[in-house]
Amino acid sequence: MSNYFQPAIETMPAAQIKALQNEKFRKQMAHVWNDCPDYRRKMEAAGLTLDDIQSLDDIGKLPFTSKDDLREHYPYAMLAKPLADCVRIQSTSGTTGKRVIAYYTQHDIDIWEECCARAIAATGGTKEDVVQVSYGYGLFTGGPGLNGGSHKLGCLTLPMSSGNTDRQLQFMTDLGATIICCTPSYAAYLAESIKERGLRDQIKLKAGIFGAEAWSEEMRRDIEQSLGIKAYDIYGLTEISGPGVSFECEEQTGMHINEDHFYAEIIDPDTGEILPEGAEGELVFTCLDKEAFPVIRYRTKDICVLTRKTCSCGRTFIKMVKPRGRSDDMLIIKGVNVFPSQIEAVLLEQGYQANYQLIVDRVNNSDTLDVNVEMTPEKFTDNLGQVSEMEKKLVAALKAMLGIYAKVHLVAPKSITRSEGKAVRVIDNRKI
């Protein structure tokens, strides 16, 4: 029996979902036209008036929004409500110098927390559960979003934030946490720490909600086995709201998009053409009822597929499959498209853990790819001949997956720096 937070909405017939989306879309476009001068100018520059946008059938006429657009309009230009009506901001990391600031009215926060409550319920969560939120709090959306969702559902919430693993494990065991929310790389690190401390029989976890970074099906199976849980994917972006834009159900075959709040498209990343359902391309989102920061046709850079295939959980929301990667995270090495998730899949299939780092460089005008891989304690040896044979086996497996040569370096367990937030997987030293 599937568990829902808002069953009437989550199982709404597709025709009703479409009608609701169109109603909200028309109101949202009026809000954007009247209350966000920068969006209005973008539409006018495209030769559009509000009368040209009557339904979602017209959405292809609208210009896209990119992260660069939001950075250029830092801090207030994309705001569609008076600051007096806003009660919170969240923000991206600002690695290029300027952050993206997302504003929220109380209505926006209520919607966001409801979406996260749906995600927790979809894992089987109820008010009887203890939810340990080990995403970062503060400006990062992970902690506040899942914290609010846990409250909405009525769970006992442990607002741990990221880091301080000893304290994480103390509260996990002492308070009997049943659901853990964090990045998949930190979940893998917690599993390592639990094994080292001999705490496996004291852990009551049944489910984990993992997001904020790419992770493979192989990594899912590894986490599930090591922690004895079901591992669920969750998706979101600060620009759209945060985690909970979509979430995985018990079927674990993709994430249901909260279609009453977000409209999704798949486009050709090169041409911008809208692609049919089932085609792989770049994911684009439009906020249907966000008040303060109503982003329209936001290019996520995530490469995935949308499907309305009937789901055994009973939810009727369209699903997005786990993104294959990001168009901006994709590495082009010797003309070949390489995603870190492909390398991760090979490592896990070969019996290694997802502790690795990719070093890309250019030597004599030719790209090079070095892959540093931690040996597991079971595989660790100082016999150089054995290490060399293990490296050769991995080189062959990576060549079969990628089609290019990668030099593999097996290193000692725990020699690659662990991350308590998003893992840093790629170092690209090319000057391109």
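Where a number appears in this text, it was derived from the coordinates with a stated rule and is not lab data. Given the structure is predicted, the values throughout are model-derived calculations rather than measurements. Glycine gets a Cβ as well: all are built from the backbone with ideal geometry, and neighbour counts include every protein chain shown.
Tabulated data for the structure shown
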| read-out | value |
| --- | --- |
| Hull volume in cubic angstrom per residue (convex hull over the Cα atoms of the chain) | 148 Å³ |
| Whether the range 225-350 is rounded, prolate or oblate, judged on the alpha carbon gyration tensor where a/c under 1.5 counts as rounded | oblate |
| Among SER241, VAL295, VAL426 - extreme Cα towards positive end, dipole of the chain, charges at beta-carbon | VAL426 |
| Separation of alpha-carbon centers, the range 267-328 and the range 104-168, rounded to whole Å | 24 Å |
| Under 22 Å from LYS61, Cα to Cα: lysines that are on another chain or at least 8 residues apart | LYS18, LYS24, LYS27, LYS42, LYS290, LYS301 |
| Whole-angstrom gap from the range 3-78 to the range 201-254, using each part's C-alpha centre | 29 Å |
| Unpaired by the 4.7 Å Cβ criterion, cysteines found in the chain | CYS36, CYS86, CYS115, CYS116, CYS155, CYS181, CYS182, CYS287, CYS304, CYS311 |
| The chain - mean residue ellipticity at 222 nm from DSSP helices (-39,500 (n - 2.57) per run, n ≥ 4, rounded to 500) | -9500 deg cm²/dmol |
| Most mobile of SER241, SER415, SER161 in a GNM of the chain (Cα contacts under 10 Å) | SER415 |
| On Cα atoms only, tilt of 142-153 relative to the major axis of the chain in degrees | 70 degrees |
| All lysines inside 22 Å of LYS206 as judged from Cα atoms, apart from same-chain residues fewer than 8 positions distant | LYS127, LYS152, LYS195, LYS230, LYS322 |
| Residues THR123, THR173, sorted so that the one with the fewest Cβ neighbours within 10 Å comes first | THR173, THR123 |
| The chain: relative contact order in percent, alpha carbon pairs under 8 Å with at least 6 residues between | 14 percent |
| Relative contact order for the range 233-354, counting Cα pairs under 8 Å that sit 6 or more residues apart, in percent | 19 percent |
| Point-charge dipole on Cβ atoms (K/R +1, D/E -1) for the range 272-326, about Cα centre, debye to 20 | 240 debye |
| Range of Cα positions in the range 331-428 per principal axis (Å), largest first | 37, 34, 24 |
| Neighbour-count ranking [beta-carbon atoms within 10 angstrom, fewest first] of TRP112, TRP33, TRP215 | TRP33, TRP215, TRP112 |
| Whole-Hz ³J(HN,Hα) from phi, Karplus 6.51 cos²θ - 1.76 cosθ + 1.60, for the range 294-300, glycine and proline x | x, 6, 10, 6, 7, 7, 7 |
| The range 331-428 - share of DSSP beta bridges that are antiparallel (%, nearest 5) | 60 percent |
| DSSP bridge orientation in the chain - percent antiparallel, rounded to nearest 5 | 60 percent |
| Among ALA188, ALA14, ALA45, residue whose mean-square fluctuation peaks in a GNM of the chain (springs only between Cα atoms under 10 Å) | ALA45 |
| Crossing angle, helix 384-402 versus the chain [Cα axis fit, 0-90 degrees, rounded to tens] | 30 degrees |
| Dipole magnitude (debye, nearest 20) for the range 1-327, charges at Cβ of Lys, Arg, Asp, Glu | 460 debye |
| Residues VAL424, VAL387, sorted so that the one with the fewest Cβ neighbours within 10 Å comes first | VAL424, VAL387 |
| Global geometry of the range 3-99, whether rounded, prolate or oblate, following the gyration tensor of its Cα atoms and the 1.5 cut on a/c | oblate |
| Cα-centre dipole for the range 274-418 with unit charges at Cβ (Lys and Arg positive, Asp and Glu negative), debye to 20 | 400 debye |
| Cα gyration tensor shape for the range 290-378, rounded if a/c is under 1.5, else prolate or oblate | oblate |
| Helix axis angle, 217-227 relative to the chain longest principal axis, alpha carbon, degrees | 70 degrees |
